[in-house]
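See below for the structure under consideration.
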Amino acid sequence: MKLVEVTLRHLQMEMKSPFSTSFGTFQTKDFILLEARDEQGTVGYGESVAFSSPWYNEETFKTNWHMLEDFLIPMLLGKELQHPDEVSDLFSAIRKNNMAKSTIEGAVWDIYAQQTNQSLTQALGGTKDQIDVGISIGIQDSVEELIEVVRGYVEEGYKRIKVKIKPGWDVDVMRRLREAFPDVAIMADANSAYRLEDVELLKQLDAFDLTMVEQPLASDDIIDHATLQKQLSTPICLDESIHSLEDARKAVELGSTKIINIKIGRVGGLTEAKRIHDYCMEKGIPVWCGGMLEAGIGRAHNVALTTLPNFILPGDTAGSSRYWEKDIITPEVTVDHGVIHVPQQAGIGYAIDLEAVEQYTVMKKTYNLE
Ligand code: OSB
Ligand code: MG
């Protein structure tokens, strides 16, 4: 494989309903869609999961554009590659900027899968033909509304309900939710809203039989999470704190996490995601695939990654229609009784809907060899 042309597009899509977390609310999604073409004319796509504000992590779609335009695209244009794993080795010369790296790495994986006539799932070594899915539910205006929203998704068959929490929207909310749904797998995601001093409050969550509590403490912490885990019976799952296999190893060795949420963008691409998966499998740490409110390309990549065997717990990759009036792929990702049937065709298994892409494009720029 040798990339000869890359096009970046800034896409803007309205979400069907706002999504609120402890750090802010999302309504309009601005992101980068990357199209890469290799010398044989095979086209692959990647999606940046960086948001427009640096709330979840330090990257934004504009910092990703800068990194791609000035560093990452020039590093790959004209470079002969035997395997997509080489991309993460090449990019290791550039610190962090994982979501930017992942955007183009994903397109290389897509091209590689097509050229070796495999589905992305097969190329990654995935083993499942269907995956279990859960859903992540933002902070609502009232507990009554939350219960109604959850009821709808439980009836649709989603296999696990994740609820966002923050100070003032936590113990009572989880108590009432557990009372309303005694038998549903429920978890809470704090997105770093608490400190170790909140341990007494967090311990109250142990009463609700939660599958896990996700990222309760600081986004860059692994020490305090280890201290907290010793005092909680609910398993801690790290999200924001894990950027690499090294981070995963340190967190697991310290006892900071019993479960890991893997997000392809946060860890710099599919190759690193797979490395973390393999390490966790060896250590008996279950993983699941997180979500970043992706459009269709990012969603398709999440589906493929989730087919690896240690993705034991349902992920956040819900169906396209939960987020978008019209997604940018055909068919859209659909959920049937809580499962997604994994496409078998070569590549990502969903076609790009170029008409929809054009409709959402704010600007685009093409980069060629020389
Ligand atoms: O922490 O997992 C998170 C959305 C935006 C930023 C961070 C997170 C989330 C979600 C939604 O939980 C997952 C999804 O439905 O894509
Ligand atoms: Mg999270």
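The values are calculated or read from the model by the stated rules, or taken from the named source; none is laboratory data. Being a predicted model, the structure only gives us computed values, none of them experimental. Positions of Cβ are backbone-derived with ideal geometry, glycine not excepted, and every protein chain shown enters the neighbour counts.
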**Q.** Residue in region 13-55 that is nearest to residue 297 (Cα to Cα), counting only those that are within 16 Å of ligand 1 (Cβ to nearest atom) and aliphatic (A, V, I, L, M)
**A.** 49
Q. Looking at region 187-211, which of its residues are on the phi > 0 side of the Ramachandran plot and within 16 Å of ligand 1 (Cβ to nearest atom)?
A. 191, 192
Q: Write out, first by first residue and then by second, each pair whose Cβ atoms fall under 8 Å of each other, whose residues are 6+ apart or on separate chains, and whose first residue, in region 110-123, is farther than 13 Å from residue 85 by Cα while the second is aromatic (Phe, Trp, Tyr).
A: 120/109
Q: Mind listing whichever residues of region 203-220 are farther than 25 Å from residue 312 by Cα and either of a type in the set (A, V, I, L, M) or touching a residue at least 24 places away in the same chain (Cβ under 8 Å) (or both)?
A: 203, 204, 218
Q) Among the residues of region 3-61, how many are assigned to a loop (DSSP other than H, G, I, E, B) and out of contact with any Ser or Thr (no Cβ under 9 Å at 6 or more places or on another chain)? A) 5
Q: Scan region 176-196 residue by residue and report those that are outside any loop (DSSP other than H, G, I, E, B), over 15 Å from residue 162 (Cα atoms) and out of contact with any Asp or Glu (no Cβ under 7 Å at 6 or more places or on another chain).
A: 179
Q. What number of residues within region 113-145 are surrounded by fewer than 24 Cβ atoms within 10 Å (Cβ to Cβ), away from ligand 1 (no atom under 16 Å from the Cβ) and of a type outside the set (D, E, K, R)?
A. 15
Q | Lone qualifier among 199, 173, 150 - being assigned to a helix (DSSP H, G or I) and touching a Phe, Trp or Tyr at 6+ places or on another chain (Cβ under 7 Å) | A | 150
Q. On the given criteria, is residue 305 at pLDDT 95 or above, touching a Pro at 6+ places or on another chain (Cβ under 8 Å) and either within 16 Å of ligand 2 (Cβ to nearest atom) or outside any strand (DSSP E or B) (or both)?
A. no
Q) Which condition breaks for residue 287 when tested against (1) buried (at least 24 other Cβ atoms within 10 Å of the Cβ); (2) without any contact (Cβ under 8 Å) to a residue 12 or more places away in the chain? A) (2)
Q) When you scan region 288-341, how many residues do you find that are more than 12 Å from ligand 1 (Cβ to nearest atom) and among the polar types (S, T, N, Q)? A) 6
Q | Residue under evaluation residue 326, criteria (1) in a loop (DSSP other than H, G, I, E, B); (2) under 20 Å from residue 56 (Cβ atoms), criterion not met | A | (2)
(Q) Every residue in region 335-368 that is in contact (Cβ under 8 Å) with a residue 60 or more places away in the chain, surrounded by 12 or more Cβ atoms within 10 Å (Cβ to Cβ) and either in a helix (DSSP H, G or I) or among the aliphatic types (A, V, I, L, M) (or both), please. (A) 335, 339, 340, 342, 346, 348, 352, 357, 360
Q | Answer from 53, 20, 48 - the residue that is modelled with pLDDT of 95 or more, surrounded by fewer than 17 Cβ atoms within 10 Å (Cβ to Cβ) and within 23 Å of the chain's Cα centre (by Cα) | A | 53
Q: Identify all residues within region 73-91 that are more than 21 Å from the chain's Cα centre (by Cα) and not acidic (Asp, Glu); write none if there are none.
A: 73, 74, 75, 76, 77, 78, 79, 81, 82, 83, 90
Q) Looking only at residues in region 56-85 that are of a type in the set (A, V, I, L, M, F, W, C) and in contact (Cβ under 8 Å) with a residue 40 or more places away in the chain, which one is surrounded by the most Cβ atoms within 10 Å (Cβ to Cβ)? A) 68
